[in-house]
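Here's the structure, in structure tokens; my notes come after.
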Amino acid sequence: MFAGFSNRFANIADPERSFNNKAIGARIPGVRSVKKVLVQAGLVLAWSSGFIGARMINGEEAVYLVLFWRFTIAAVIFSPWLGLTLIRGVALRDVANQSCLGFLAMFCSTTFAVKAVATGLPPGTAALISALQPLATTICAGPVLGERIPARKWLGSLIALAGVALATGGPTGHAPPSAYGLAVAATLCLVLATLISKLSSNSMSIFPALAVQSVVSALCMLPLAVLDGRLAPHMTAQFATVVLWFVIISTAVGYGLYWFCLRENAASEVATLIYLTPVITAAWAYVVFGEPTTMKATLGYFVCVIGIAIGTSAFTTKVNLSKK
């Protein structure tokens, strides 16, 4: 009885172990494929929510203040899993690795991207710039990670990028040059974090890793929030909605599934899914803000989906560079 309780508690503390245990009885390829599709669909849906969260920020509230509370609350939520991990023992290099990932992928990438939209960069343009991340990751995956990228994969990536450009290639607004620079910097930080994640051992489970990343991001965001004027927000329904949106959808689900997919799949395959971000962002914008789409955008989304279908059907393998 105690052994069963211990196993169930361990599964709750370690979502990867729970997933793997359930997968033991799911050896049928079709079932495993369905699970993979569902996980990837959840990743794309949650990853796209960040652009909508940036739009939801009230102009009266400082961007850094919202992000500070996002990371702080996320750190508190995931702290029990981190505590269990520390009790069981964890290598210092694993904590350092997750701190680095948190600084790049959470603090730098998220802060730059949200600040770019808040500064005036249209979400569509921001999505187009972020769509360069899969192509950059694919380019680096070969020489850095040893992934073999077939020609069909390159073709699918280029078609998807063309579709994104077609869908979001309309008016660019009157954003200052700094907004574009922030969007580019956000993309490069995520590419770097993706490569580091694939090169590292990743022995720490997802939830404790998110706790470390959120703590680092909150500490880095603290001085920026202070410089903006205050740490105590105006406790309005709008503020609570935005923060909870960021914490639950963008952080817990979005980043959680992103790191999980990177551990289970090739970096180039996971990066290709990001091409769907503009498509889902448009759907989010229609549901949340009632923003209609155009025929040009719809055509671009269709082209993007075709490119992703071509790219993800390509066979990608990782080359063991230690073998001749």
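The values are calculated or read from the model by the stated rules, or taken from the named source; none is laboratory data. Remember, it's a predicted structure, so these values are computed and weren't measured experimentally. Just so you know, the surface numbers come from the protein's heavy atoms only, side chains and all, with ligands and any DNA or RNA stripped out. Shrake-Rupley method; radii C 1.70, N 1.55, O 1.52, S 1.80 Å.
Give me the percent of the accessible area of the range 136-221 that comes from carbon and sulfur atoms, probe 1.4 Å, all protein chains in place. Using a 1.4 Å probe with all protein chains present, the range 136-221 comes out at 74 percent carbon and sulfur.
Surface composition of the range 60-127: carbon and sulfur make up 72 percent of the accessible area, probe 1.4 Å. The ellipsoid equivalent to the alpha-carbon distribution of the range 166-282 has semi-axes of 26, 23, 16 angstrom, derived from the gyration tensor eigenvalues as √(5λ) and listed largest first. In this structure, the amide hydrogen of Glu147, modeled 1.01 Å from its nitrogen in the peptide plane, lies closer than 5 angstrom to those of Gly142, Val319, counting only residues at least 5 positions away or on a different chain. Full extension of the chain between Leu199 and Leu227 gives 6.5 nm of extra length, using 0.36 nm per residue less the Cα-Cα distance.
Expected output is a single nm value to one decimal: the length gained when fully extending between Tyr286 and Ile87, i.e. 0.36 nm times separation in residues minus the C-alpha distance. What is it? It would help to have the intermediate numbers written out before the result.
On the way: separation 199, 0.36 × 199 = 71.64 nm, distance 4.58 nm.
Fully extending the segment from Tyr286 to Ile87 adds 67.1 nm.
Taking every protein chain into account, the accessible area of the range 99-172 amounts to 34 square angstrom per residue (probe 1.4 Å).
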